[in-house]
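Just below is one structure, and these are the notes that go with it.
Values in this text are rule-based calculations from the coordinates and carry no lab data. For clarity, every value in this text was computed on a predicted model and none was experimentally measured. FYI the Cβ positions are ideal-geometry reconstructions off the backbone, even for glycines, and counts take in every protein chain you see.
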Protein chains: 2
Amino acid sequence: MEEKLPTIDSVFSIDCLIFGFDAGELKILLIERNEEPFKDWLALPGYFVKQEESVDDAADRILYELTGLRDLPMKQFHTFGEVNRHPQGRVITVGYYALIRINGQKELRPISHYAKKAIWHSVNNLPKLAFDHTEIFNNGFGKIRRRLNYQPIAFDLLPEKFTLTQLQGLYEAILNKKLDKRNFRKKMLSYGFLKELVEKQKGVSYRAAKLYKFDRRKYSKIFQNEMGV
Amino acid sequence: MEEKLPTIDSVFSIDCLIFGFDAGELKILLIERNEEPFKDWLALPGYFVKQEESVDDAADRILYELTGLRDLPMKQFHTFGEVNRHPQGRVITVGYYALIRINGQKELRPISHYAKKAIWHSVNNLPKLAFDHTEIFNNGFGKIRRRLNYQPIAFDLLPEKFTLTQLQGLYEAILNKKLDKRNFRKKMLSYGFLKELVEKQKGVSYRAAKLYKFDRRKYSKIFQNEMGV
DNA sequence: ATTTAATGGTGTAATTTTCACACCTTATAT
DNA sequence: ATATAAGGTGTGAAAATTACACCATTAAAT
């Protein structure tokens with residue numbers, strides 16, 4: 001009894017899908033690899049899980065080491081377990097995603113030498129990625145799109161204070177379709193979890209829009225278990 | 001380059017959540033373990049993934065070996081990666097689920113000696129399960145409950161021909177709440193994917209109900225990408 | 001033959017949600 | 001002053017959701 005099992009180092013990995021929103025465009029965080037295989041290719045930030053850390057912890061550590069971003073609220077979306085997905089051997093990987101404010105984050109600066117650099121790339125016109133990362137991206141992006149319809153995940157991508165037009169632009173970028181302005185505003189406001197601020201937009205050469213905040217407390221009260229958090 | 005990685009045997013596993021519906025009750029498939037650790041305990045059917053098989057393939061094989069059930073349409077729902085979830089070492093497990101017709105299946109008969117037997121147990125009053133299987137169960141069951149609201153997963157649990165009352169009973173069992181009979185029928189029929197049969201229920205000591213079939217072809221046509229398959 | 005027990009089967013009105021659609025207002029730059 | 005660019009607003013039609021109660025049918029029991 002109590003015999004020891006082998007270690008998981010080098011056979012189990014994490015890949016991260018980090019979405020940001022900037023200049024009306026949805027972006028994904030990629031790294032330029034500095035290691036074989038796929039040296040110099042663009043890839044999702046990802047690396048091996050260590051023996052003594054939980055998978056969730058590994059996701060945080062790996063993202064930090066490859067991009068300099070820390071403590072993002074990442075969640076699992078799928079585990080990829082095909083036999084030949086890694087050229088050097090059998091590696092199972094679990095995909096995590098997070099939606100974040102690009103400008104709320106410090107600059108991208110890989111800590112580990114496995115990444116040459118980290119960049120934000122539009123989700124449109126993605127180049128071919130290393131390994132099966134294109135498939136991982138498509139899988140995760142699809143799930144997030146569907147989730148947007150019943151969970152308030154979009155607010156994580158916006159600055160703390162935002163206008164309704166920015167919010168709508170974000171929904172349109174994720175869903176990849178135009179929405180009706182009046183209906184969108186009516187619906188968003190009807191939920192009751194947007195807090196209207198006195199403050200207005202500044203530095204625009206047109207009528208300044210009201211700013212809003214996402215009120216997470218109100219959201220939790222209103223929806224509790226309904227929206228399937 | 002092209003160095004070989006270690007193998008994944010004994011560090012990566014599958015656990016299966018197989019739901020069935022019988023006598024108005026939702027059931028879960030459990031095995032009685034025949035091996036330490038947790039010998040003699042009830043557990044979810046689960047075992048280690050082999051080096052040369054995909055994770056999806058492993059799920060099919062393992063379920064078959066432990067319960068005798070084959071080729072169920074299982075899907076992943078979450079990967080559990082805490083460091084101390086297995087007493088003998090570091091094991092990461094991926095949870096799969098399926099919803100099936102209990103009576104449409106051959107009898108339960110473990111092939112491998114790792115399971116003494118396999119049984120159907122009500123999802124209510126579950127005993128303490130081996131490992132962190134209670135947590136895995138709760139996680140998966142919660143997801144299925146939510147999924148029921150936008151995907152026609154319930155039909156997999158019923159016999160091919162079923163009455164609307166049976167279908168409603170199943171929804172009530174999964175959602176754990178009473179539904180209005182007229183509204184339920186109206187809504188189900190309005191989808192247009194239920195095919196009314198000429199045949200009626202037999203062997204009941206009250207008015208025989210019409211039988212229906214779930215028409216998967218019509219379903220796909222109607223909903224295509226809408227319901228987030 | 002009659003009664004009983006159990007489920008089958010049906011419709012309507014009120015409410016809520018969704019959707020389609022167009023114009024005036026405001027702030028700034030010139 | 002005027003041109004520009006986005007801000008901000010309401011209504012009516014259609015669809016979906018909800019609440020709600022009674023008679024019909026069958027087999028078994030008497």
The set of residues whose placed amide H lies less than 5 Å from the amide H of A:Asp15, leaving out same-chain residues fewer than 5 positions away, is A:Val94, A:Gly95, A:Tyr96
From the label point of B:Lys178, set 7 Å along Cα to the beta carbon, how far off in nm is each other copy's matching point, shortest first? 4.9
Axis carrying B onto A: which residue of B has the nearest Cβ, and how far, whole Å? B:Thr79, 2
Put a point 7 Å out from Cα along the line to Cβ at B:Trp120; what are the distances to that point in the other copies, in nm, shortest first? 5.4
Taking Cα atoms only, helix B:55-67 is inclined relative to the longest principal axis of chain B by an angle, in degrees rounded to 10, of 80
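What's the average, rounded to a whole number, of partner chain beta-carbon atoms within 10 Å of each residue's beta-carbon in A:78-89?
Per-residue shielding by partner chains comes out at 5.
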Rank A:Ser190, A:Ser112, A:Ser122 by mean-square fluctuation in a GNM of chain A with C-alpha springs under 10 angstrom and give only the top-ranked residue. A:Ser190
So the label point sits 7 Å from Cα along the Cα-to-Cβ vector; using that for A:Ser205, what distances do you get to the other copies, in nanometres, sorted shortest first? 8.6
Just to be sure I follow the rule: in the range B:12-148, considering lysines 8 or more places apart or on different chains, how many pairs have Cα atoms under 25 Å apart? 23
For chain B, what are the per-bin percents of Cα-Cα distances with bins 10 Å wide, up to the bin holding the maximum? 7, 29, 32, 20, 9, 2, 0, 0
Candidate aspartates and glutamates - alpha carbon under 19 Å from A:Lys200, same-chain residues fewer than 8 apart omitted: A:Glu160, A:Asp215
Would you order A:Tyr96, A:Tyr212 from fewest to most other beta-carbon atoms within 10 Å of each residue's own beta-carbon? A:Tyr212, A:Tyr96
Quantify how strongly other chains surround peptide A:136-146 by giving the mean number of their Cβ atoms within 10 Å of each of its Cβ atoms. 1
At a Cα cut-off below 19 Å, give the aspartates and glutamates reachable from B:Lys178, other chains included and same-chain residues fewer than 8 away excluded. A:Glu226, B:Asp22, B:Glu25
Extension gain A:Lys106-A:Lys181, at 0.36 nm per residue separation less the Cα-Cα distance, in nm? 23.7 nm
Pull up the cross-link candidates among the aspartates and glutamates for B:Lys181, meaning alpha carbon to alpha carbon under 13 Å and not fewer than 8 places away within one chain. B:Glu172
What's the angle, to the nearest 10 degrees (0 to 90), between helix A:181-191's Cα axis and the longest principal axis of chain A? 80
Which of rounded, prolate, oblate describes the protein assembly as shown, given a ≥ b ≥ c as roots of the alpha-carbon gyration tensor eigenvalues and a/c under 1.5 marking rounded, otherwise prolate only if a/b is larger than b/c? oblate
Take the alpha-carbon centre of the range A:144-190, take the same for the range B:104-164, and report the distance between them in whole Å. 37
Diffing the range A:148-153: the Karplus 3J(HN,Hα) column from phi (6.51, -1.76, 1.60, θ = phi - 60°), in whole Hz with x for Gly and Pro, holds 4, 6, 9, 9, x, 7
Order of B:Lys187, A:Lys106 - criterion: other Cβ atoms within 10 Å of each residue's Cβ, fewest first: A:Lys106, B:Lys187
Tell me the mean residue ellipticity at 222 nm calculated for chain B from its helices only (DSSP H runs of n ≥ 4, each -39500 (n - 2.57), averaged over every residue, nearest 500). -8000 deg cm²/dmol
